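The values are calculated or read from the model by the stated rules, or taken from the named source; none is laboratory data. The structure presented is a predicted model; accordingly, all values stated were derived computationally and were not measured. Cβ placement follows ideal geometry from the backbone for every residue including glycine, while neighbour counts extend to all protein chains displayed.
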Amino acid sequence: MAGRVVVGVDGSEVSHHALCWAAEEGRLRRATVEAVTAWQRPFEIWQHSSRALREEELAQPARSLLEAAVADCSQHEPAVEIRQLVLEGEAAALLCERATGADLLVVGSRRHHSVASIFLGSVSAKCAHLSPSSVVIVPDRRGSSMHARVAGRILVGVDGSSGSIAALRWAIEEAARKEAIVTALSVWRGIDADDEMALEFATFSSLPRHEQGDLERAGDELKATLAAVQSGDVQLVALVLEGDPAGVLCREAAAYDMLVLGSRGLGAATNLLLGSVSSRCARRSPQPLAIIRP
């Protein structure tokens, strides 16, 4: 059965990038792309209008912008079937509903959210938390093109949790489609030494040895994880770095085509779909971020 990739479109540049990313992904997966634009009825003032607007007239602006966006992306991916859906309702709820049973939900995210943003921004955050399918968030990169890959490399955050292992497996499958290399990054937290602790580091050798032990354990755990995952012909690279997990992941992601994280793990709180690291990366990642459902 053919797959399905759902993408939100609102006429903004970042949503256009999201649509083109989804179209390329649809081609690689041999999947249908479902482009969704939402519209909502005006406020009560229209109820007292002498001329009640019909639904077709209310939806026409949304339909026109969707047709224009699809026509442009189809020039780059002419073989991909892109179905157009113009639906009435709240955008995030509609997208999550359409994402049921889909391979992916793709949304754009403006770097600086604005009150005037009616589709993305807060919608991308809602979708990241509530979508029943895995989500790809395409960042706002004004003036750049989404039609060329950066490096043929995919970065995935791994911490040994079931969520991060699911993300690693997804990244391997994605890399096989894109002929890319997967780098599995494990981030460990060292001791944050203030001025007073600096004296202890200089006086007691046990603290540096403790940090060295943490580094070695992180490396051993990452190697064990990679050894347990079937990678086929995909090249896997292990990388262990120290620092704040979200900061390190977003910094390193700039040199890759995309960042992949699990929806749990990497500092997730109990009963939350999205961990704190995943949530921070959703706002800050310089490249498309895939948040993988287990």
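So the values come out like this:
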read-out	value
Flag if Ala128 is over 28 Å from Pro294 (Cβ atoms), at pLDDT below 95 and of a type in the set (A, V, I, L, M)	no
Residue selected from region 57-92 under the condition over 23 Å from Ser124 (Cβ atoms) and among the aliphatic types (A, V, I, L, M), by the criterion surrounded by the most Cβ atoms within 10 Å (Cβ to Cβ)	Leu58
Whichever residue in region 61-86 is in contact with a Phe, Trp or Tyr (Cβ under 9 Å, 6 or more places away or on another chain) and modelled with pLDDT under 95 and, among such residues, is farthest from Val7 (Cα to Cα)	Pro61
Test: residue in region 109-116 that is more than 14 Å from Ser12 (Cα to Cα), in a loop (DSSP other than H, G, I, E, B) and either of a type in the set (Lys, Arg) or at pLDDT below 90 (or both)	yes
Residue, surrounded by the fewest Cβ atoms within 10 Å (Cβ to Cβ), within region 267-294, restricted to residues that are modelled with pLDDT under 90 and touching a strand residue (DSSP E or B) at 6+ places or on another chain (Cβ under 6 Å)	Ala282
